[in-house]
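Okay, so here's the structure we're looking at.
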2 protein chains.
Amino acid sequence: MKYRLYAPGPTPVPEDVLTEMAKPILHHRTPAAEKIIEEVREGLKWIFQTKEEVLILAASGTGAMEGSVTNLLSKKDHALVIDGGKFGERWWKILKAHGIEHDVIKVEWGKAVNADLVAQKLQSQDYRAVYMQASETSTGVAHPVKQIADIVKGYPNTALVVDGITAVGVVNLPMDSWGIDILVSGSQKAFQLPPGLAFAALSQKAWGMVEKSDLPKFYFNFKSEKKNILLNTTAYTPAISLVAGLRLVLQNLKKEGLENIFKRHEKMAQAVRSAAVAIGLKLYAPESPSAAVTAIYGPSGIDTGQIVKTLRIDFNMTIANGQDDAKGKIFRIGHLGYYDAMDMITVWSAIEMALTKLGYKFEKGKGVAKMMEILM
Amino acid sequence: MKYRLYAPGPTPVPEDVLTEMAKPILHHRTPAAEKIIEEVREGLKWIFQTKEEVLILAASGTGAMEGSVTNLLSKKDHALVIDGGKFGERWWKILKAHGIEHDVIKVEWGKAVNADLVAQKLQSQDYRAVYMQASETSTGVAHPVKQIADIVKGYPNTALVVDGITAVGVVNLPMDSWGIDILVSGSQKAFQLPPGLAFAALSQKAWGMVEKSDLPKFYFNFKSEKKNILLNTTAYTPAISLVAGLRLVLQNLKKEGLENIFKRHEKMAQAVRSAAVAIGLKLYAPESPSAAVTAIYGPSGIDTGQIVKTLRIDFNMTIANGQDDAKGKIFRIGHLGYYDAMDMITVWSAIEMALTKLGYKFEKGKGVAKMMEILM
């Protein structure tokens, strides 16, 4: 049976990119490799919507997140974290691991943060950085990045650090014009690649803080990476086969155009949300949904682990369960990266069949019909 | 013109492994991915010659090196570094970045460390760890790991950390029987893969120290990786396409057998060394050469950058120049990974042609003839 992957990352890799990466390996310190990196640099700036360099790290996204702490902050700094899910948690776990004092705005899972709370916190205390997610993958929530960026702009000594791992290349997140100070992402999401590359771009404000940072770091050393990327190389051996794939992905995405990329994702997200509602299911994040992943409550009495398992066994498809407290209660469908609306019809049909098998009563096909309506 | 890569890493990836990695991407939290990791775990233990788990990190080798500092040591520890080249340097640079007090045994480039010096140092001072390379890639030197392991064994509170990045799967380096406490390696060397995976295996002695370590760490957290690898997964998203390639590489290497792998590398190294001497060139590390890479002085009056460049332009081949002070003075030929003796004849013929073009006078074909002698 064909394998179909609908998780919020890793996401499918296009066939032409798979074969591009299957070409014989290049040495990274050669003019040929430097030419690839030069082209990738330009493409990354385009998709990050920034004039700054986008650093390329051989790591998964968490590596870029850790680097956004150890390179930006100093030992005595105080940070603010917006925690509305597993990845929000990760920010304060990283800060804790590095002994950085921090406050946490705990947001109920499935909800977006209230920007007013961020404004209040910033008034009450001198924070060096605010850490947040643009899209919280564990809950399918989009946080109000622009609103928060507008608030943080009022604090010249405070940086806004945004985890855009499931947002860059999915939704409009113009780093420079909104005033995001660090924006990080990862290859296995909208970048349509296997996992193994992480990205980070820093504003001039952030680079100024990097100069003063006294936290220990070595492998994730942004200053040293910046020096190297300007020479079309990296500080340590890059995951060069992924970088070669990235060049092709960025070429393909450029042909599609940023506006179309955002529209494609929004349409898929709308289709999935509407289909869920059409068959009587409840969305987990109805008020501020992410365009990257849709989280849906299972029907009462059905553990969502059973839905995930039925898709795996009957259809050789991967979707995601909830995590932690949401495990068994919600399921998550990824629609970021190399997908289009027809893929959503495929996965949704399988979900309708699985739900039927598991005993949920609804009018079969109604979700799919709703999707068609949206797509036409 | 066919591209040919003879650098000491990255090294060529076998055709079957390239296509294996070009298969559609797997989600890492699925039974299928767990099965791959389970098989890879066994294969890594085999090639590391250890009963311990070998951790799989999404990073280049330097990430595993940094983790071998931040996971093993505590703030007030004192470490000893053997520095005989660029990678020896890297150990103390990592220690310095993390504020760890350390002494350095500086070894002349091209020479192996004298184990007696290590014994003297250990007698004079209480070190928690000794950091060294098995094979120093920048100079083509093999350091006496077994001798040093025998010395360190006498110190129950001192760990021996060996960078085996260009040694594991090249020469016999039996971690358990020699008593190596941390052994690290990387995918783009003898593992015949693109860069992007780093490995680290720890002895029980090292794990005991990890329990007490108080240095900050997050992405490279060995305890957390160990917990995960026992469940056939990793703490953060693994570079799963490389891991899938690794499974096939390990299957292929097992068919070849450890003894044959070591013999193959030794034969290639011997062939290259003899060919160099046969045409009147001087070896950079004649006394204790590494089987992974051979460093050779250029003929007097010829900058080795010219040799590297001529191979690139006339033959589309990559070999390596010297680094730092050795730049321009030596050139390096990698022979670790997916190579056999016939590949060495190819690169050596190109070198003879390049040297002729650059004005070096010698009996053309004499190096190649010497290689044939060794291979027959």
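Here, each number is a calculation from the coordinates, and none is a lab measurement. Keep in mind the model is a prediction, meaning the values are calculated, not measured. No Cβ is skipped: glycine too gets one built from the backbone with ideal geometry, and neighbour counts run over all protein chains shown.
Could you let me know the centre-to-centre spacing of region B:269-310 and region B:4-32, using Cα atoms, in angstrom? The two parts, judged by their Cα centres, are 31 Å apart. Annotation: extensible slack from B:M353 through B:N316 equals 12.0 nm (criterion: 0.36 nm per residue apart, minus Cα-Cα distance). Here the spin labels are modelled as points 7 Å beyond Cα on the Cα-Cβ line, and at A:D126 and B:A119 they lie 5.8 nm apart.
Taking the label point 7 Å along Cα→Cβ, B:L375 and its counterparts in the other copies are spaced 5.7 nm apart, in ascending order. Amide hydrogen proximity for B:V293: with H placed 1.01 Å from N in the peptide plane, the residues at 5 or more positions away or on another chain lying under 5 Å are B:H335. Here the residues B:W207, B:W46, ranked from fewest to most Cβ neighbours within 10 Å of their Cβ, fall in the order B:W46, B:W207.
3J(HN,Hα) along region B:84-101, derived from phi through the Karplus expression 6.51 cos²θ - 1.76 cosθ + 1.60 where θ = phi - 60°, amounts to x, x, 4, 7, x, 3, 4, 4, 6, 5, 5, 4, 4, 4, 9, x, 8, 4 Hz, with x in place of Gly and Pro. For chain A, find the longest principal axis of its Cα atoms and tell me its angle to the long axis of helix A:258-278, 0 to 90°, nearest 10. Computed tilt is about 40 degrees. For region B:114-146, the residues whose backbone nitrogen is under 12 Å from a point 7 Å from the Cα of B:H78, taken along Cα to Cβ, are B:121-129.
Across region A:41-50, rounded Karplus estimates of 3J(HN,Hα) from the backbone phi angles (6.51 cos²θ - 1.76 cosθ + 1.60, θ = phi - 60°) give 3, 5, x, 5, 4, 4, 6, 7, 6, 9 Hz, Gly and Pro being marked x. Rounded to the nearest 500, the 222 nm mean residue ellipticity of chain B from helices alone is -13500 deg cm²/dmol, with -39,500 (n - 2.57) taken per DSSP H run of at least 4 residues. Taking amide H as placed 1.01 Å from N in the peptide plane, the amide H of A:I105 sits under 5 Å from that of A:V81, A:I82, A:D83, each at least 5 places away or on another chain.
Electrostatic tally near A:M132: other residues with Cβ closer than 11 Å to its Cβ, Lys and Arg +1, Asp and Glu -1, net -3. When Rg and the Kirkwood Rh are both derived from Cα coordinates, the Rg/Rh ratio for region A:58-211 amounts to 0.92.
Rg/Rh, computed from the Cα trace of chain A with Rh as the Kirkwood radius, has the value 0.98. Label points for B:D103 are taken 7 Å from Cα along Cα→Cβ. From this copy to the others they lie 4.9 nm apart, shortest first.
In the elastic network of chain B, a GNM with C-alpha springs shorter than 10 Å, the most mobile of B:V277, B:V113, B:V249 is B:V277. Using every Cα-Cα pair within the protein assembly as shown, state what percent have a distance larger than 47 Å. The proportion of pairs with Cα distances above 47 Å equals 21 percent.
Couplings 3J(HN,Hα) for region A:193-205, derived from phi with the Karplus relation 6.51 cos²θ - 1.76 cosθ + 1.60 (θ = phi - 60°), are 10, x, x, x, 10, 10, 10, 8, 10, 10, 6, 4, 4 Hz, where x marks Gly and Pro.
Rg then Dmax, both in Å and based on the Cα atoms of region A:157-248: 13.9, 39.
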